[in-house]
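To start, the structure itself, in structure tokens.
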Amino acid sequence: MQLEIKPANKLTYKLRLTPQMRLAISLLQMPIVKLKEYVKQQVEENPLLEIENKEVHPKEVEFDLNPVRNTIGDKNSGISNGVNYSSNEDGEEKQNYRESLITKTALLSEHLLRQLHLFVADDERKIGEVIIANIDDNGYLKSSIEEIAKSTQATRPGVEKVLSLVQTFEPIGVGARDLRECLLLQIKAKGEENSLAGQIINRYLPYLEKKRFEFIGKKLKVSVERIKEAIKEIANLEPKPGRSFNTERAIRLIPDVILKRSNDEYEVMLNDWELPSLNLNPKYKKMLKQKNVAEDTKEYLKERLKAAKFLINAINKRKETIHKVTEAIVYIQKDFLDNGMQNLKPMTLSQIANLVDKHKSTVSRTVSNKYLQTPDGIFELRHFLNSGVKQGNGELFSSKAIRSKIKDLIENERKENPLTDQEIVNLLKKDRISVSRRAIVKYRHQLKILPSQSRRR
């Protein structure tokens, strides 16, 4: 039988995202800092856009917040509508707001230890802790394998195995013993260790520092132009992976949403104070109606006007979605906001999606890299998402709340007779929380709490 190739018609349906839809999705996912930068860039590129000038004295207005109608819960839910918030007090409240946004960055060692307790087995954890203790602020290991093996009473292969695991942690390149190894770790993480850049780092880094490009090209049998292209790739690598964790550096967290407590109710308010307000430029809008303006100019202005309107609408839609999602989170987690971590409830993306009538992926983008300022501090919106442990009555109890209770029990234990894991299980049962001993061990490791025999004084 002879096979033939023939053209055939086939009708298929495919979901295609328009550029406008892609922009709307991108804006929703942006934290407020990036959105501010994006808006300023668009104003520079689009003559139809302009930033509204707000020359308002701080004593008159603290927040310029658009009201959004409350659609979740009822008047007894403890959530009130977002309203324009103004203050006649002096600038003290504004200063307190700004100071509340400043937070210390995590130490590099703390960041690495969190990953260690997640990915390294118990019997290798002590070795990992000693390795991390000997990593400097730039991310380099300053002790030899032999010294670490001696201090941990481990074998050299055992230390090398744990070091290889630590070198896979974020930031990539950490745990290297020299610049060559640091850059190689980063290039390997990209799967490009056999690339030209990888070969240069592996074999010819000293010659690269001396700018002997022709010598390297001759050895690798490639042109000097290709060597210079590879050097550009190498220049994008981080020679000091730990420097982003500088202990003296502080970052400013800007919340997308502000939660104001009044008696037993909460007001969910969008932080429009940090975001420039956009208007359409009246001068160019007027030009569209003038007869003496060239047609190609009018076509350009129409295109820019359409883009400007879409951006303003997309930002407003973003505000509405963030407000609804935050409102749902506050509605579910009111007990936590009132009484603390031990009252945190299990909450999933699907649960929020059902409340706000949005797709789960939309909710995921909404809570990504967004922060909520509460009367008790700033929380990432994802902080409120957590799994639940099923109880005997079929209800779920928050895993984060359980960890908080375990931490509280251990902090208040008698140090001469610390609580065993089984005793913690029994104490939680008295609070009608059913958790296995194995789960207690897991949560204790996540909290970086030693077993009872190691806590005894």
Do you know which residues across the stretch 416-457 are touching a helix residue (DSSP H, G or I) at 6+ places or on another chain (Cβ under 9 Å), part of a helix (DSSP H, G or I) and either surrounded by fewer than 12 Cβ atoms within 10 Å (Cβ to Cβ) or among the basic types (Lys, Arg) (or both)? GLN422, ARG437, ARG438, ARG444, ARG455
Take the residues of the stretch 339-380 that are part of a helix (DSSP H, G or I) and in contact (Cβ under 8 Å) with a residue 60 or more places away in the chain: which is nearest to VAL257 (Cα to Cα)? THR366
Restricted to the stretch 170-199 and to residues being of a type in the set (D, E, K, R) and outside any loop (DSSP other than H, G, I, E, B), the residue nearest to the chain's Cα centre (by Cα) is LYS188
Take the residues in the stretch 391-430 that are among the aliphatic types (A, V, I, L, M) and touching a residue at least 40 places away in the same chain (Cβ under 8 Å); name whichever of them is nearest to THR348 (Cα to Cα). LEU396
Under the condition of being outside any helix (DSSP H, G or I) and out of contact with any Asp or Glu (no Cβ under 7 Å at 6 or more places or on another chain), which residue from the stretch 279-320 is nearest to GLN42 (Cα to Cα)? LEU280
Condition check: within 21 Å of ILE322 (Cα to Cα) and not assigned by TED's automatic domain parsing to the domain that holds ALA314. Does LEU253 satisfy that? yes
Mind telling me which of the residues GLU267, GLU233, GLU229 ends up being among the acidic types (Asp, Glu), at negative phi and surrounded by fewer than 16 Cβ atoms within 10 Å (Cβ to Cβ)? GLU229
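Yes/no per residue for (1) crowded, with 18+ Cβ neighbours inside 10 Å; (2) at pLDDT below 85:
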{"position": "ARG249", "(1), (2)": "no, yes"}
{"position": "ASN263", "(1), (2)": "no, yes"}
{"position": "ASN281", "(1), (2)": "yes, no"}
{"position": "ASN292", "(1), (2)": "no, no"}
If a residue has to be over 15 Å from GLU238 (Cβ atoms) and among the β-branched types (Val, Ile, Thr) to count, how many in the stretch 160-211 make the cut? 4
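The values are calculated or read from the model by the stated rules, or taken from the named source; none is laboratory data. Predicted model only: the values in this text are computed from it and were never measured. Every residue, glycine among them, receives a Cβ derived from its backbone with ideal geometry; neighbour counts consider all protein chains shown.
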